[in-house]
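Participant: This structure is in structure tokens; I'll ask about it shortly.
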Amino acid sequence: MTAVTTTTAVPAARAGELPQVRRRRRLSPGRRLPAARLVGPLVVLALWAAASAAGTLDTGAIPAPWTVLRTAGHLWTDGTLPTDVLTSLKRAGYGFAIGLAAGVLLALVSGLSRTGEALIDGTVQLNRAIPTLGLIPLFILWLGIGETFKVAIIAIVVYIPVYLNTHAALAGIDSRYVELAEVQGLSRLSFVRQVVIPGALPGFFVGLRLGVTSSWLGLVVLEQINATSGLGYLMFQAQNYGRTDVILVGLLIYGVFGLVSDSAVRIVERRVLSWRRTLSS
């Protein structure tokens, strides 16, 4: 008896037909939507307005958006709001600039030198463990109750995240790049410019964004301590008189400042790190 073996042949593509290609599944988030980060705040604002119009919210506790907007207009026209906004911007700007410079400088010294790391990193980690706002009474005794201690506290709040993220980025640079730079005979300055800075920029921008946010958070508290001007002082006075609409004006301005500054850092980051191909890009 002869066994008959049958085989199933895969049908060949007909002449002139293209072979079927399996469609690739997209796993990326997709294209970036314009002004996407405004969608969430606008939704919250719409819900707030709808709840106020329906009478769900207690107007004494949470005034309607149009009431808050009208209050902001009155404060602006009588000159109170422009003065306080400018004062707050100066305090945050001075403290942020000092903290940014200190954080970057300490991170470079600590990340590029074992001696610097031994002297700096442990001290910064100790400072990080101490609540910065808990230093306020001590700084008042040292620096007085004027502007100096406020700027100093903001600088401390800013330099810690800048240092931590920049130092972590420096420590994460591949050692093969260092070996390649040594083989190429790069000088110390060229090594920093061509290897260290590009390698540390992603972490630096993360720390920069955290530092910007921290400066506004610290400013809210500091301006309510023996201040005579600023948004925090305006909110503190409104608390004494039960003016929740004025308090919401200050909170919304702080929120706008934080959103605008974070968006500005993101734009700069995308421009500077345009060579990266990441999920967010």
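The values are calculated or read from the model by the stated rules, or taken from the named source; none is laboratory data. What you see is a predicted model; the values in this text were computed from it and never measured. Note: ideal-geometry Cβ built from the backbone for every residue, glycine included; neighbour counts use all protein chains shown. SASA here: full protein model, heavy atoms, side chains in, ligands and nucleic acids out. Shrake-Rupley method; radii C 1.70, N 1.55, O 1.52, S 1.80 Å.
Participant: What spacing in nm lies between the two simple spin-label points modelled at LEU141 and VAL220, each 7 Å away from Cα in the Cβ direction?
Facilitator: 2.9
Participant: Scan segment 197-281 for chymotrypsin sites (Phe, Trp or Tyr not before Pro) in coil per DSSP, keeping those whose Cβ has at most 13 other Cβ atoms within 10 Å, and list them by number.
Facilitator: Passing both the DSSP loop test and the Cβ count: TYR241, TRP275.
Participant: Charges at C-beta only: +1 for Lys and Arg, -1 for Asp and Glu. How large is the resulting dipole of the chain about its Cα centre, in Debye rounded to 20?
Facilitator: Once rounded to the nearest 20, the dipole reads 1360 debye.
Participant: Determine the equivalent ellipsoid of the chain by diagonalising the alpha-carbon gyration tensor, then write out the semi-axes as square roots of 5 times the eigenvalues, largest first, rounded to whole Å.
Facilitator: Semi-axis lengths for the chain are 49, 35, 16 Å.
Participant: Rank GLY95, GLY255, GLY40 by mean-square fluctuation in a GNM of the chain with C-alpha springs under 10 angstrom and give only the top-ranked residue.
Facilitator: GLY40
Participant: Rolling a 1.4 angstrom probe over the protein chains, ignoring ligands and nucleic acids, what is the accessible area of ARG91 in square angstrom, nearest 10?
Facilitator: Approximately 10 Å² for this residue.
Participant: Percent of accessible area on the chain owned by carbon and sulfur, 1.4 Å probe?
Facilitator: The nonpolar share, carbon plus sulfur, comes to 64 percent.
Participant: How tilted is helix 231-240 with respect to the longest principal axis of the chain? Cα atoms for both, answer in degrees (0 to 90, nearest 10).
Facilitator: Tilt of helix 231-240: around 60 degrees.
Participant: With a 10 Å cut-off between alpha carbons and a GNM built on the chain, which of GLY73, GLY134, GLY99 moves the most?
Facilitator: Evaluated over the chain, the most mobile residue of the options is GLY134.
Participant: Over the chain, average the accessible area per residue using a 1.4 Å probe and give it in Å², no decimals.
Facilitator: 66
Participant: Sticking with this structure for a sec: Computed over the Cα atoms of segment 105-231, what is the ratio Rg over Rh, Rh following Kirkwood?
Facilitator: Checking Rg against Rh, the ratio lands at 1.10.
Participant: Springs between alpha-carbon pairs under 10 angstrom, Gaussian network model over the chain: which of LEU164, LEU45, LEU248 fluctuates most?
Facilitator: LEU45
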